[in-house]
Amino acid sequence: MIKVVRGNPTPEELAAALAVVQARAAAVANQPSGAPTPADAWADPARVARDRLPAPGPTAWGRTYWPG
């Protein structure tokens with residue numbers, strides 16, 4: 001149940017808001033249960049280590065991940 005607690009939306013505004021809520025609910029319902037969510041992918045520590053680290057050498061300090 002959705003209830004408007006503040007304001008006075010027009011019927012068109014209310015219909016648009018409900019369409020967005022229904023579309024989001026349908027997208028979540030159609031997502032496979034084992035599929036990672038964007039938040040899970042962001043928190044995955046393996047995403048940091050996907051790229052190779054810079055090779056050691058005399059200029060390796062210039063290829064570090066520290067802000068310059």
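The values are calculated or read from the model by the stated rules, or taken from the named source; none is laboratory data. These numbers come from a predicted model, not from an experiment. Quick reminder, even Gly has a Cβ in these numbers, built from the backbone with ideal geometry, and neighbours come from all protein chains shown. Keep in mind that these areas ignore ligands, DNA and RNA; they rest on the heavy atoms of the full protein, side chains included. Shrake-Rupley method; radii C 1.70, N 1.55, O 1.52, S 1.80 Å.
Observations on the model:
- Positions within segment 1-50 being modelled with pLDDT of 75 or more, of a type in the set (S, T, N, Q) and surrounded by 10 or more Cβ atoms within 10 Å (Cβ to Cβ), in sequence order: GLN22
- Listed by first and then second residue, the pairs linking a residue in segment 1-21 that is part of a helix (DSSP H, G or I) to a residue that is open to solvent by less than 100 Å² (accessible area, probe 1.4 Å), with Cβ atoms under 8 Å apart and 6 or more places separating them unless they lie on different chains, are LEU14/VAL4; ALA17/PRO9.
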